[in-house]
Amino acid sequence: MACQKIGYYLDDFLSGRLLPAERGEIEAHIATCPECKKLLEQDKKLLALLKFSAIPDPGEEYWLNLEKSILSRTVDSQPTTRIQEWEFPKRTSWRYIPVLAAVIILLMISISSNLSSSGNQLASDEKASQYVYEAGVIGDYYFESPRGGDAVGLLPDLMEALPLSAPGSAAYNLAIIMQVWTPVGGHN
Amino acid sequence: MSEETKVLVQRFIEGDHEAYAELVRRYKKKVYSLAYQMMGNHIDADEVTQETFVRVFEKQPDLKTITYFQSFLLRIATNYAIDLLRRKQKRSISFEDETEMLPSVQAEMAEGIATPDRNLENLELSEIISRAIDRLPPRQKITIALHDVEGYSMTEVAMTLGCPEATVRSNLHIARSKLKKWLAKKL
């Protein structure tokens, strides 16, 4: 084996990574070559010397500060709040149902009260008989006046007395659903 | 990569910042040690260490494709250290051989080697060796630091530097030859 090749494989030789045959070849060469033997010894000493270049320990306080510093520049600098996108309310919305129900009930009571007072007014109004009959489109409704006696009126006219009571409006539809007015199927 | 490290890396990929903090705790000394070997002083080693971990944090998505976290980490450290060394080139010149070494440095080294005081010998020896390593070109320096000082295998050094093992072997051979020449009086 040539001296140049020995130099190239010296690290493997020193680390014991060569096959027995290769190792034997290098040992045989070193035994007969003073230059390569010197090279091998120098490498051994150099490796021992390099261990002296161990770094000074900066101390436990430094390690703690280093860790804190790294985390403050990474993890801790991440935004903790993010823009919330609107989502359809899930389970938590159930708690609002009693409140909503109470509002609806109050609204119904209010509408009912208004309709009664409108009916009373209509019942006492002579113009009630002049109302245009629009059977088949809206229908007419029979109701009892609190002051006695029956009155017949058309729902659109009755609903005008209510706020937001135009035909098709929420209050109008709600009034029908509530069956405050009983359809009688025809005008007397 | 050990099973524990794999789990930590996976948790970090999934956004677990506590896992990242644990990786910092486990690897900070290795990175600092390598950085110190490369830079030769505490301030620069500290900068390299911090920047390395900050870059790992920023490269969180890339971690999905890595096989060896340590090699990935040390590669980031060495690349940053090499860049820093190049930026500091005016202050830290790498010499190809002894004839290019500044006369003042040669005298300082010779003086250090000749110091008779045995109590200071180890400290001075350490400084002399560090100065000698510091004069190697960056790639040779990192090869010596990783393999001969830190004790990483050729394969690990090759993975860290992202080069073939033959290149590591060659760099090691050249670097050792220079060191033997510069430290001849101590060998």
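The values are calculated or read from the model by the stated rules, or taken from the named source; none is laboratory data. Not measured: the values here are computed from a predicted model. Positions of Cβ are generated from backbone atoms using ideal geometry, with glycine treated the same way; all protein chains shown enter the neighbour counts.
Residue-wise test of (1) within 7 Å of chain A (Cβ to nearest Cβ); (2) over 16 Å from the mean Cα position of the chain (by Cα); (3) under 18 Å from B:ALA35 (Cα atoms); (4) free of Cβ contacts under 8 Å to residues at least 60 places away in the same chain.
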| position | (1), (2), (3), (4) |
| --- | --- |
| B:ARG135 | no, no, yes, yes |
| B:LYS141 | no, no, yes, no |
| B:VAL157 | no, no, yes, yes |
| B:ARG176 | yes, no, no, yes |
| B:LYS185 | no, yes, no, no |
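Inside segment B:168-187, can you point out the residues that are under 17 Å from A:ILE6 (Cα atoms) and of a type outside the set (D, E, K, R)?
B:VAL168, B:SER170, B:ASN171, B:LEU172, B:HIS173, B:ILE174, B:ALA175, B:SER177
Determine whether B:ASN79 is polar (S, T, N, Q) and either at pLDDT 90 or above or more than 13 Å from the chain's Cα centre (by Cα) (or both).
Yes.
Just wondering, is there one or more residues in segment B:136-151 that are among the hydroxyl-bearing types (Ser, Thr, Tyr), modelled with pLDDT of 85 or more and loosely packed, with under 15 Cβ neighbours inside 10 Å?
We begin by selecting, within segment B:136-151, every residue among the hydroxyl-bearing types (Ser, Thr, Tyr); these are B:143.
Pick out the ones that are also modelled with pLDDT of 85 or more and you get B:143.
This time we only want the ones that are loosely packed, with under 15 Cβ neighbours inside 10 Å, so: none.
Within segment B:136-151, not a single residue is among the hydroxyl-bearing types (Ser, Thr, Tyr), modelled with pLDDT of 85 or more and loosely packed, with under 15 Cβ neighbours inside 10 Å.
Each row is one residue, and each column tells you yes or no for (1) at the interface with another protein chain (Cβ under 10 Å from one of its Cβ atoms); (2) modelled with pLDDT of 90 or more; (3) under 29 Å from the mean Cα position of the chain (by Cα).
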position: A:ALA54; (1), (2), (3): yes, no, no
position: A:ASP57; (1), (2), (3): yes, no, no
position: A:TYR62; (1), (2), (3): yes, yes, no
position: A:LEU66; (1), (2), (3): yes, yes, no
position: A:PRO79; (1), (2), (3): no, no, yes
position: A:GLU85; (1), (2), (3): no, no, yes
position: A:ARG91; (1), (2), (3): no, no, yes
position: A:VAL99; (1), (2), (3): no, no, yes
position: A:ILE104; (1), (2), (3): no, yes, no
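Does B:THR160 satisfy being at pLDDT 90 or above and of a type in the set (Ser, Thr, Tyr)? Walk me through it before giving the result.
On the way: at pLDDT 90 or above: no; of a type in the set (Ser, Thr, Tyr): yes.
Taking the combined requirement at face value, the residue does not satisfy it.
Taking into account only those residues within segment B:47-62 that are more than 7 Å from every other protein chain (Cβ to nearest Cβ) and surrounded by 15 or more Cβ atoms within 10 Å (Cβ to Cβ), which is farthest from B:ARG131 (Cα to Cα)?
B:GLN60
Mind listing just one residue for me: the one in segment B:159-174 that is hydroxyl-bearing (Ser, Thr, Tyr) and either within 11 Å of another protein chain (Cβ to nearest Cβ) or buried (at least 20 other Cβ atoms within 10 Å of the Cβ) (or both) and, of those, nearest to B:ALA132 (Cα to Cα)?
Looking at the filtered set, the residue picked out is B:SER170.
Say we look at segment A:68-77 and pick out the residues that are at pLDDT 90 or above and of a type in the set (D, E, K, R); which of these is nearest to B:VAL56 (Cα to Cα)?
By that ranking, first place goes to A:ARG73.
When segment B:44-75 is examined, which residues are found to be farther than 19 Å from B:ARG139 by Cα, of a type in the set (S, T, N, Q) and touching a residue at least 60 places away in the same chain (Cβ under 8 Å)?
Result: B:THR67, single match.
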